[in-house]
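The values are calculated or read from the model by the stated rules, or taken from the named source; none is laboratory data. Nothing here was measured: the structure is a model prediction, and the numbers come from that model. Here the Cβ positions follow ideal geometry from the backbone for every residue, glycine too, while neighbour counts run over all protein chains shown.
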Amino acid sequence: MRPEDGEALGGGSAGVVFAVPSDGGEVALKVFAGRLYRRTHLRLERELDRLSALDGQILVPGAIEELPDGWCALRSELCTGSLLDLVEAAGPLSVADTLTLGTAIASTLATAHDAGIVHGRLTPGNVLFRASGEPVINDFERTLRPVFVRDPDHGSGFLAPDEVVDERTDLYGLGIVLHLALTGQPGRPTLHREDAPIDLLALTENLLAEDPASRPAGAALVAEILSGLSEASAVSTASTMSAVSTVDGGEPVAVTTGIQGVPLLTIGPEPIAPPASNKRSLWPVLTLGAVAALAVTAWFLLPDSPDPAPRAQPNPSASAWPAKPSAKPAPQVELATPIDHGSMVELSWRAPDGFDAAVVVAGETGDARTTIVRQQRTMKVPVEPGRKYCFLVQITDGGEVHETSPHPIRGAVCKP
């Protein structure tokens with residue numbers, strides 16, 4: 001069979017795909033410019049056998065063929081197009097479709113990772129759709145990539161900056177898939193969807209963290225989060241999980257890698273000042289548009305400390321925010337006992353109307369993340385099973401900042 005007998009559909013970094021006729025209709029034939037030697041052939045067969053044994057949305061080639069000119073080709077099911085094709089033609093996906101797509105991809109990656117298999121080049125171009133609309137991941141086989149290099153820069157704008165390719169590289173690829181599905185544009189534009197749950201936006205940015213260690217703990221956790229968001233969205237589009245917080249002007253908060261230089265969601269080790277004089281470690285100050293900065297109490301998690309009482313630290317830039325003169329009693333903010341679901345913690349709190357909120361999460365290794373949630377009063381926080389955590393909520397109306405006491409789970413002790 002000659003590739004010129006069919007229609008060229010495009011190609012990736014290693015081969016070119018053709019739609020070719022067959023007895024049962026057209027099939028996809030991915031052609032590689034060269035012969036396949038016996039040792040590589042056997043290695044590829046073993047790889048395809050492993051992929052075929054997996055449960056998930058994987059498009060596995062059904063046959064390895066040698067063309068009349070000796071070139072190698074892989075025969076597989078012909079799909080209708082890729083996610084990249086879809087958004088170029090129709091724009092961004094709906095939130096519901098994005099959650100369905102993300103859950104399927106994340107679940108498939110989790111299954112593959114459990115089997116010790118990493119994709120390594122997951123991009124919107126190799127997320128395909130069957131005629132039924134079912135999404136599948138293409139190009140999972142890695143054996144032929146270093147053997148036949150057609151275009152080493154193909155899809156490079158979507159690839160992770162990782163030095164080592166592993167499971168966390170696939171998480172970045174999943175983040176790119178979600179980002180494109182939500183924005184409809186390549187190139188990492190500002191992630192801004194008024195109809196999207198803030199947890200979905202924050203999760204997508206978390207997946208796209210430059211540091212692989214700052215991405216979620218695994219594809220299974222991501223699949224669980226996306227599935228939960230999908231269920232919440234299906235139950236009620238008016239739920240707080242689907243609400244978008246707004247500022248005074250009514251414009252939605254854009255979740256980006258940094259707003260005025262400060263990320264909305266930061267995961268990483270927090271430096272601790274050396275024990276000397278009166279100097280203590282302070283949490284980062286958060287700023288967002290016209291909203292006054294939320295000064296964060298300096299507390300972190302010390303597993304063996306007997307003193308759980310938090311103490312507020314002086315803010316060095318407090319003079320920039322003069323307190324509003326008022327005889328009114330201080331507004332009350334109260335954080336309910338966190339509900340621990342193993343890989344997810346449910347938070348809920350009470351606060352006066354008109355106050356914006358921020359949620360601070362600290363882990364036992366010193367990592368910290370802060371999320372501005374505006375007018376929301378609930379949040380589901382992804383966590384690692386078995387690890388200790390502390391949670392704190394702050395509120396502000398543009399003047400003074402008020403906060404709850406930190407709430408621990410799993411025996412954590414929150415201490416200044």
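Per-residue answers, yes or no, for (1) under 10 Å from the mean Cα position of the chain (by Cα); (2) buried (at least 22 other Cβ atoms within 10 Å of the Cβ):
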residue: THR143; (1), (2): no, no
residue: PHE148; (1), (2): no, no
residue: ALA160; (1), (2): no, yes
residue: LEU174; (1), (2): yes, yes
residue: PRO186; (1), (2): no, no
residue: GLU210; (1), (2): no, no
residue: SER214; (1), (2): no, no
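Hydrophobic (A, V, I, L, M, F, W, C) and exposed (fewer than 12 other Cβ atoms within 10 Å of the Cβ), is that true of ALA89? Here the answer is yes, as ALA89 does meet what is asked. Scanning segment 46-66 for residues that are more than 15 Å from ASN138 (Cα to Cα) and touching a strand residue (DSSP E or B) at 6+ places or on another chain (Cβ under 7 Å) yields ILE64, GLU65, GLU66. When restricted to residues that are small (Gly, Ala, Ser), surrounded by fewer than 22 Cβ atoms within 10 Å (Cβ to Cβ) and not in a loop (DSSP other than H, G, I, E, B), segment 98-124 contains 3.
Restricting attention to segment 311-347, and to residues there that are of a type in the set (A, V, I, L, M), modelled with pLDDT under 70 and assigned to a loop (DSSP other than H, G, I, E, B), which single residue is surrounded by the fewest Cβ atoms within 10 Å (Cβ to Cβ)? Among residues in segment 311-347 that are of a type in the set (A, V, I, L, M), modelled with pLDDT under 70 and assigned to a loop (DSSP other than H, G, I, E, B), the one surrounded by the fewest Cβ atoms within 10 Å (Cβ to Cβ) is ALA327. Residues in segment 348-363 that are part of a loop (DSSP other than H, G, I, E, B) and surrounded by fewer than 20 Cβ atoms within 10 Å (Cβ to Cβ): 4 in all.
With the condition kept exactly as written, say whether any residue in segment 383-405 is touching a Ser or Thr at 6+ places or on another chain (Cβ under 9 Å), among the aromatic types (Phe, Trp, Tyr) and either closer than 22 Å to ALA202 by Cα or not assigned by TED's automatic domain parsing to the domain that holds VAL222 (or both). Yes, the conditions are met somewhere in segment 383-405.
When segment 374-387 is examined, which residues are found to be under 11 Å from ALA357 (Cβ atoms), at pLDDT 85 or above and among the charged types (D, E, K, R)? Break it down into steps so the answer makes sense when it comes.
If we filter segment 374-387 for residues that are under 11 Å from ALA357 (Cβ atoms), which is where we start, we get 374-379.
Filter again for at pLDDT 85 or above, leaving 375-379.
The one that is under 11 Å from ALA357 (Cβ atoms), at pLDDT 85 or above and among the charged types (D, E, K, R): ARG377.
Of ALA104, ALA89, all but one fail to be out of contact with any helix residue (DSSP H, G or I) (no Cβ under 7 Å at 6 or more places or on another chain) and closer than 18 Å to LEU226 by Cβ; the exception is ALA104. If we scan segment 388-395, do we find a residue that is in a loop (DSSP other than H, G, I, E, B), within 23 Å of SER214 (Cα to Cα) and modelled with pLDDT of 85 or more? Checking segment 388-395: at least one residue is in a loop (DSSP other than H, G, I, E, B), within 23 Å of SER214 (Cα to Cα) and modelled with pLDDT of 85 or more. For segment 333-382, a residue qualifies if it is among the hydroxyl-bearing types (Ser, Thr, Tyr), within 19 Å of ALA217 (Cβ to Cβ) and out of contact with any strand residue (DSSP E or B) (no Cβ under 6 Å at 6 or more places or on another chain), and the qualifying residues are SER343, THR365. All told, ARG374 meets the bar of being touching a residue at least 12 places away in the same chain (Cβ under 8 Å), farther than 19 Å from GLY228 by Cβ and surrounded by fewer than 22 Cβ atoms within 10 Å (Cβ to Cβ).
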